[in-house]
1. Could you please let me know if E80 is more than 30 Å from R240 (Cα to Cα) and out of contact with any Phe, Trp or Tyr (no Cβ under 9 Å at 6 or more places or on another chain)?
2. Only helices (runs of 4 or more DSSP H) wholly contained in the range 287-367 count here; list those with 3 or more residues that are small (G, A, S) and farther than 30 Å from I166 by Cα.
3. Quick test for you: out of A106, A82, A78, A98, pick the one residue that is touching a strand residue (DSSP E or B) at 6+ places or on another chain (Cβ under 9 Å), part of a helix (DSSP H, G or I), of a type outside the set (D, E) and farther than 18 Å from F155 by Cα.
4. Would you be able to say whether some residue in the range 197-213 is at negative phi and assigned to a strand (DSSP E or B)?
5. Condition check: among the basic types (K, R), assigned to a helix (DSSP H, G or I) and either modelled with pLDDT of 95 or more or surrounded by 24 or more Cβ atoms within 10 Å (Cβ to Cβ) (or both). Does K54 satisfy that?
6. Please determine, by comparing only the residues of the range 24-59 that are closer than 15 Å to I99 by Cα and among the small types (G, A, S), which one is farthest from the chain's Cα centre (by Cα).
7. So if I check each of A251, A227, A153, which one is in the same structural domain as T362 (by TED's automatic domain parsing) and closer than 26 Å to V60 by Cβ?
Amino acid sequence: MEAFRVRVPTVVFGLGKRRELPSLLAGTGTRAFFALDPYLEKSGVGRETASLLKEAGIDVVVYSSIEPDPDCFGVDEAAETARRESCDMVIAAGGGSAIDFGKAVAILAKNPGTCWSYTRRRDQTPNTPGPGTLPVIALPSTAGTGSEMTHYAVFTNPKLREKSTIVHDRIVPRIAVIDPELTFSCPPRLTAFTGVDALAHAIESYVNINASPFSKMAAIESIRLCARFLPTAVTNGENREAREMMAWASALAGIAIAHANPTLPHAIGQAAGGYVHMPHGASVACCLVEIMRISRHSDLEGFAEIACALDPSVRSLPLHERADASPSLAAGLLNDIGVDVKFSQFGLSEKDIEKAADIALTGYFTGISLHPKQVDKTEIMRIIRACL
């Protein structure tokens, strides 16, 4: 077996576990920057959590001006608050946007530069987060991004109309408190799109050419759970088992991408999504099936195993037939949850295709290089056009 390294936060999983946060933070700090999803603020979860922390002697600086797909300039402003308030840790509660936002604030509170200066791109050498980066504690409220498990944080630059990613071990959360109760009120459409994000993370990391036995183990179980429980989570959000299993599927997919990396679907989806500002899960849903279709023969065994995780009944088919079934099985799942979508539905047009391809090659070159089917700009443009 090849050598590999495992890096995961301390994980606390279970219904209601967010209420154990004060005891979990003993010795971590005394003044928390609380990056709070606006929905959680309105629902009362933010007030409940802040009250528990204050009772435990932890001062809380609540910051909830966080939008979906957070822009880098908003992070720069929030970091000034964290510095001014002398925060010594970051608690990030919400979807991937809130958790990514908190990760970047944790860097900028004690390090120079801007949020964008830390992103990994071909056109710049990123700043490196220093040892003073604040500890991050993550409480996800959606089952999708897996940001609570990763060393990634994604940001939009509205001036460039691009997305890019901060990549560094110092933003791996110290503790991930995964309380599926926080996902119960997530509306069906958001549940579907975030679920597709988790599914794509798992599929991409499974076929990543640098995947390890550990990342494959996490990825294939995530795919299996998504196939079984995502439709129920979308149609019946109060189903406790479906919500719990999707929260775990998302965490597993996060573990997988933290150890293997997303590949071509995320490279193209994030490039197109950042350019026209479409929901992240939607941007990946637009191209996932087409990329599986053109890639399946580049890793027959990998795509065959993905097909079996999506539908165990195909296990008896020959290898080629199992691999060939994987795109249609994924397409069926996306259709079942109502996210069989195209880029044009979110504003991308023919004239934008070349620009989106260039953005992918600039900001997501790592993921492109790790995909089992190697592609150039011409092929990326063809894929985008096929998904338009």
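The values are calculated or read from the model by the stated rules, or taken from the named source; none is laboratory data. Predicted model, so just to flag it, every value in this text is computed and none were measured. When we count neighbours, we look across all protein chains shown, and the Cβ atoms used for this are built from the backbone with ideal geometry, even at glycine.
1. Details: more than 30 Å from R240 (Cα to Cα): yes; out of contact with any Phe, Trp or Tyr (no Cβ under 9 Å at 6 or more places or on another chain): yes.
Yes; evaluated as a whole, the condition is true for this residue.
2. Details: elements: 300-310, 319-336, 353-363.
So the answer is 300-310, 319-336.
3. Numbers: A106 fails: farther than 18 Å from F155 by Cα; A78 fails: farther than 18 Å from F155 by Cα; A98 fails: farther than 18 Å from F155 by Cα.
Criteria check complete, one pass: A82.
4. Filtering the range 197-213 for residues at negative phi gives 197-213.
Retained after the next criterion (residues that are assigned to a strand (DSSP E or B)): none.
No, because not a single residue in the range 197-213 is at negative phi and assigned to a strand (DSSP E or B).
5. Values: among the basic types (K, R): yes; assigned to a helix (DSSP H, G or I): yes; either modelled with pLDDT of 95 or more or surrounded by 24 or more Cβ atoms within 10 Å (Cβ to Cβ) (or both): no.
So K54 does not fit the description; no.
6. Our first condition is that a residue be closer than 15 Å to I99 by Cα; within the range 24-59, this holds for 32-41, 46.
From what's left, among the small types (G, A, S): 32, 35, 46.
Details: A32: 24, A35: 17, G46: 22 Å.
Ranking the qualifying residues of the range 24-59, first place goes to A32.
7. Working: A227 fails: closer than 26 Å to V60 by Cβ; A153 fails: in the same structural domain as T362 (by TED's automatic domain parsing).
Selected residue: A251, the only one of A251, A227, A153 that is in the same structural domain as T362 (by TED's automatic domain parsing) and closer than 26 Å to V60 by Cβ.
Residue by residue, here is whether (1) aliphatic (A, V, I, L, M); (2) free of Cβ contacts under 8 Å to residues at least 40 places away in the same chain holds:
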{"residue": "A282", "(1), (2)": "yes, no"}
{"residue": "I306", "(1), (2)": "yes, no"}
{"residue": "R315", "(1), (2)": "no, yes"}
{"residue": "L333", "(1), (2)": "yes, no"}
{"residue": "I337", "(1), (2)": "yes, no"}
{"residue": "V341", "(1), (2)": "yes, no"}
{"residue": "G363", "(1), (2)": "no, no"}
{"residue": "L370", "(1), (2)": "yes, no"}
{"residue": "R385", "(1), (2)": "no, yes"}
